[in-house]
1. Here is a check on your reading of the model: is residue C:14 surrounded by 21 or more Cβ atoms within 10 Å (Cβ to Cβ) and at pLDDT below 90?
2. I'm trying to understand the selection: among the residues of the range A:91-106, which are surrounded by 24 or more Cβ atoms within 10 Å (Cβ to Cβ), more than 8 Å from every other protein chain (Cβ to nearest Cβ) and over 20 Å from residue A:350 (Cβ atoms)?
3. Restricted to the range C:84-126, and to residues that are in contact with a helix residue (DSSP H, G or I) (Cβ under 6 Å, 6 or more places away or on another chain) and outside any helix (DSSP H, G or I), which residue is surrounded by the fewest Cβ atoms within 10 Å (Cβ to Cβ)?
4. Does the range C:289-305 contain any residue that is in contact with a strand residue (DSSP E or B) (Cβ under 6 Å, 6 or more places away or on another chain) and not in a helix (DSSP H, G or I)?
5. Can you find a residue that is within 14 Å of chain B (Cβ to nearest Cβ) and under 20 Å from residue A:111 (Cβ atoms) anywhere in the range A:160-177?
6. Being more than 30 Å from residue C:322 (Cβ to Cβ), free of Cβ contacts under 8 Å to residues at least 24 places away in the same chain and either assigned to a helix (DSSP H, G or I) or within 14 Å of chain A (Cβ to nearest Cβ) (or both) narrows it down to one residue among B:143, B:105, B:157; which is it?
7. Residues that are within 12 Å of chain A (Cβ to nearest Cβ) and either modelled with pLDDT under 90 or part of a loop (DSSP other than H, G, I, E, B) (or both): does the range C:37-45 have at least one?
8. Any residue in the range B:188-199 that is in a helix (DSSP H, G or I) and either free of Cβ contacts under 8 Å to residues at least 60 places away in the same chain or over 23 Å from residue B:45 (Cβ atoms) (or both)?
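The values are calculated or read from the model by the stated rules, or taken from the named source; none is laboratory data. These numbers come from a predicted model, not from an experiment. Positions of Cβ are backbone-derived with ideal geometry, glycine not excepted, and every protein chain shown enters the neighbour counts.
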């Protein structure tokens, strides 16, 4: 018995060491295979799930419409997923596996700046184009990489837009307090907002960072309350937005505008906070209200996109869904423009891409970042997310100044 | 001055819940020498049970506390009798790794059951507050603290007065002797672990009032509970309470400090956990068994 | 470090053939780059990295019996050494590893002298506190790049292979060092402290001195792995440097392989990482369930780790009776 | 070579030792006896540096033991055994003794190889060679006692403190043990022996120190000490002594039989 077990163990060992099977998933001939490591477990599960929805929606649409025409040939598309467990190091290994083992043609980005950053490094080394829609930290694009493209506006812009809107309100707000979670993305958001505020005559009365993954922010709230600002912003993720919002109400902190970088746009925000989410604003990459008219080849307006999406997934798409779909669209048009699946040609096509889609303008600067598409500002009104800025696309008027807690 | 008072209150309120989180962890650790890495997962389960009762039946989270406690108590008892007891006398790291794996199983299962969506509970008193001497006190957190203290008090009395409680304490001091006087160790261990799980669930239930729910929500609390239970003194009810309050107050006051040394800006808010951990290290070095620990703990 | 003559099945030194098998597997791993797959390179480099960290932990946790939950601190410091050097314009793996060894040894002694006075769990939590504290501290120090992290210049074109071999060499060094330390006077001092600190003291062993020594050598092992990782990764930030996985996995590998043995960490790393990799590849969402399940079964049936099975005399019956000891 | 001067040891409010003084000559065997709780083991702990005395001092070769860290006491040449044996349970017998040979008085000069060579001699000498490769946890009680002695001897002591190494042994085993100790002594090691077995200690000791309730109540040659009324009183109680004294007056008899252990 023991001998058998020993033999078995020895065999298992050898297998583990050398037997990692080499799979060959690369599409035979008529399928283009994209690869993506998304967070299906771990702390970013929700966002990873949204990312996957956005990708799958494009894939299903494309295949249902006969596939992707490249030159004379039409291809089906497929996406190979792995779970990165919300960990950058795992995402890196998985990207290598997608390329080396699964022989995918192109990479779609993971969710989050941390994971996108490590995967971008892999894409660069392997010279495989990656388009991502969920990593907004500029550090990803400041490495001189040539193969990574982000369809979304950079982190610094997330809350700038909110301030831009705020200074045009009457009475004009004078002071700003902005806290941030201590992670790369959020600190860039904070930095962008603080710089903009200083340039435009807003006094920054509080700017500080709290530990990443904090479980209690009540003392940060107390400090903000003591500073008595007109505008309160927080740069962080969904959890942070919820914690800060609860804290503001608990300590009865009033302001003319309260906004978060990430959070209000996710349906979970309203679901979790109920009526306390009312009147909160958030910087968003996209909303259903945007009035872009895209070029043919996919749903051309946000409305059409959102309705079709709702039909398939039974919920309205938020901007995470949209920007993920947009990443696929960048590939679609670039591949068609290149007329080839050659990675270099597709990369060059991406670099010179300039198209309008339901998501907005997709065009990359020389770092690969889409600095051309503007952010929008959303506000939660009567439990619904409405777009309040910029005025030309807004489908509701900003409530300003927001009512005191308990009067919403 | 007002900010100082406010931060004191903030610290006490956040420390109270940390104390409850640490309490169950500390019992299991101190009595059975199990570093229960599934504690965070139990907390998460307690929170989800509470959320489920609230969203399905509209039950108030405070009323859900006993239900979450009982459910996890039974679950914890089953896990200890069915799984952990088989290797409970192995070197401490075996159970350490076992509970790590259990937490993986529980968290992944929760992901399938409740999905990764962020959830929350809203009550009539969510965010309600009152002001006393210029200090704003949120009712929900005060209620949380009161319930946490009540549970701590009941547990203390139960451990010292009841027959089973005494058996648990006796077992923690000397397993062999306890066995000789007729204590059924397997059962006592089951009850102890069940208590730990139940207390984690109670903490999770209370946390729904102030904290969003995800399947991984327990992780940061597990780590804080780990630190807090040693800060106060392992395996003691008073220790968890003192440890939680010290941790809460230190990290709360830390936010008031901001210094720049040689061009390096050090934000007390960013370093609040570091300062709490420095306090932990100093306490351990000066009093190697925690603030209220016994020499034999 | 003279090998002991006629090792009559010493409890410390373990089986020589197991170690030879491990060395053989290590030699086999030399050929991974021949597969021309960056994926395999990266995967096995990570396995080697975990093994090296596991060896570092094994010296203090496995041999000396002081369970540390903070050895990731050394890995992180090592990685940051590479970043600091790169910032200063020095991009040389030997310099990276050299600096990591020195800084970690000094740090380990400075931290070890006070906290190694603590016994048992109190020591464990103190180490956890150190690791957690360093994570947040690194996020707040500008010269280390703060939360944004720091880049490390990569060397040359064929660097992926170079870094692989560098990690291989570090791991081999850890493995061989452990083997010889275990058979040297030093190793006997460590184990004596683990078995009974008072009794060891009476036999002339200064607990403080040898605990700090074990802790510091382990720190150097973790630090060397960290330095190579930092250089290979090209970038380091606090969550990467002090990742929870980097703290838990090395411990898990040492336990499952066999604590206090010269082959256990390596075998454990191969098995655990191999299992994780295969599961992740085949089960998109369920892999974590299976991974957890495998660990549960291993602990229930092999709580002493795989090396126990190697040394087992007396077959199934002895195995079951040994297991029964742990039950209540 | 070893001087104990007015040593007092207090635990809380209780004096476990009070004002004890005696000396041990090089190469001799000193027996330390006394009823239970008389402070014998405390005395051993003070001499071996485990406890720092509250009063007085212990001097060995001109150095105060209290100034020497516990792990350096054996480097001075003092070794001891423990009443409650403390083997390294997971190590083999050979490894257990080997650790002593590596880190004892002459350990610094030895390689691991030399230390094991010395170990093998010692195992032969104490009669443990047959179980050298077994884990210490497998040993029988007498073998554990032997292991304890072997570990102490591995430190190459000049003076060896033996705390009840013969407890639990049968008559023939005691004889073997006595033979062993005599041989050790003949090789130049000074011995301090704490033992309950009167017969054994009387036969081996050259001088005896008697403790009772933390105080030294007698010191001298074995036969003198046993006839001391203070000693008899300590062991058997005051009434017995009175009765004995009355009887002695009447009969002027020989010293009483050996007090029971």
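1. Working: surrounded by 21 or more Cβ atoms within 10 Å (Cβ to Cβ): yes; at pLDDT below 90: yes.
Taking the combined requirement at face value, the residue satisfies it.
2. A:91
3. Ranking the qualifying residues of the range C:84-126, first place goes to C:118.
4. Kept after step one, since they are in contact with a strand residue (DSSP E or B) (Cβ under 6 Å, 6 or more places away or on another chain), are these residues of the range C:289-305: none.
Within the range C:289-305 (the criterion being in contact with a strand residue (DSSP E or B) (Cβ under 6 Å, 6 or more places away or on another chain) and not in a helix (DSSP H, G or I)), the answer is no, since none of the residues qualifies.
5. At the first step, the residues of the range A:160-177 found to be within 14 Å of chain B (Cβ to nearest Cβ) are A:177.
This time we only want the ones that are under 20 Å from residue A:111 (Cβ atoms), so: none.
No; the residues of the range A:160-177 include none that is within 14 Å of chain B (Cβ to nearest Cβ) and under 20 Å from residue A:111 (Cβ atoms).
6. Working: B:143 fails: free of Cβ contacts under 8 Å to residues at least 24 places away in the same chain; B:105 fails: more than 30 Å from residue C:322 (Cβ to Cβ).
Only one candidate qualifies: B:157.
7. Residues of the range C:37-45 that are within 12 Å of chain A (Cβ to nearest Cβ), as a first pass: C:37-45.
Then drop every residue that is not either modelled with pLDDT under 90 or part of a loop (DSSP other than H, G, I, E, B) (or both), which leaves C:37-38.
The answer is yes, given that some residue of the range C:37-45 is within 12 Å of chain A (Cβ to nearest Cβ) and either modelled with pLDDT under 90 or part of a loop (DSSP other than H, G, I, E, B) (or both).
8. At the first step, the residues of the range B:188-199 found to be in a helix (DSSP H, G or I) are B:188-199.
So of that shortlist, the ones also either free of Cβ contacts under 8 Å to residues at least 60 places away in the same chain or over 23 Å from residue B:45 (Cβ atoms) (or both) come out as B:188.
Yes, the range B:188-199 contains at least one residue that is in a helix (DSSP H, G or I) and either free of Cβ contacts under 8 Å to residues at least 60 places away in the same chain or over 23 Å from residue B:45 (Cβ atoms) (or both).
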